[in-house]
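Notes to accompany the following structure.
The values are calculated or read from the model by the stated rules, or taken from the named source; none is laboratory data. In this text the structure is predicted, and so the values were computed from the model without any measurement. Cβ placement follows ideal geometry from the backbone for every residue including glycine, while neighbour counts extend to all protein chains displayed.
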Amino acid sequence: MKTSYRISKLTKSDKPAFVSLMSRAFSRDPLFLHVFGDSELDHTARNSVTAFLSFLFDKSFLFYEEVWGIFDEDSLLGTYVVEKPQTSKLPNIKGGLLLIGMLIPLVFQLSGKTLMLLNSYMRITRSAAPPWKHHYLIMIGVKPEAQGKGVGKTLMQHLFQTIEDDHESQGIALDTEKEENVGLYRKLGFTLREQTKIDDVPVFCMVYQKNR
């Protein structure tokens, strides 16, 4: 990677770049295709993906979540959303109230089937999460033109350093629907905690525990 690349936390002004990048990075993702449809061919599916990613980005500012990205000057090359271990329930109460206000327009932007599938996915994956405090990698994506250039690896290294510096966190949990990703994450030190599915889409729940 170029040494001029910088990693920084995304701000609210980065929302359009985040939504655009993740829309393209996940356009062929098995779960996105199953939940939303083909966003490359279907206008309704594309609008649904945009609405969901916009909601996901906005939600990160209400809870123990952060969005980090790699930039080449002002161009966003890759990004990830991570949930941090919670140390207090008080901020979540306020965030939960604000979240309700955000969910209302989302209900009108997504179909009932889509909302049910998203709820099922959250229930399935969170039930497979480890009992110890951890960071949960919600999403990680790389701009198609930047794939294969070490952007994703650098983002993961940044996340690893984050958990090493965080005494509250014992590791990372993540989920992937691509079987080929399982081997890649294993090379980074992750283990397969549980394999499940949502309808016919396989879901691989993986964990990385530090100081093992």
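Tabulated data
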read-out	value
Residue in segment 10-32 that is modelled with pLDDT under 95, within 23 Å of residue 161 (Cα to Cα) and of a type in the set (Ser, Thr, Tyr) present	no
Residue, farthest from residue 156 (Cα to Cα), within segment 55-78, restricted to residues that are of a type outside the set (A, V, I, L, M, F, W, C) and in a strand (DSSP E or B)	75
One residue from 172, 163 being part of a helix (DSSP H, G or I) and not basic (Lys, Arg)	163
Residue selected from segment 108-136 under the condition exposed (fewer than 12 other Cβ atoms within 10 Å of the Cβ) and of a type in the set (Lys, Arg), by the criterion farthest from residue 51 (Cα to Cα)	123
Those residues of segment 141-176 which are crowded, with 20+ Cβ neighbours inside 10 Å and of a type in the set (Val, Ile, Thr), in sequence order	142, 151, 163, 172, 176
Residue match in segment 133-145 (condition: without any contact (Cβ under 8 Å) to a residue 12 or more places away in the chain and under 18 Å from residue 71 (Cβ atoms))	yes
Test result for residue 38, part of a helix (DSSP H, G or I) and over 21 Å from residue 149 (Cα atoms)	no
Residues located in segment 177-212, provided they are farther than 17 Å from residue 127 by Cα, surrounded by 14 or more Cβ atoms within 10 Å (Cβ to Cβ) and among the polar types (S, T, N, Q)	181, 209
Qualifying residue in segment 189-197 (condition: within 23 Å of residue 8 (Cβ to Cβ), not in a helix (DSSP H, G or I) and not charged (D, E, K, R))	no
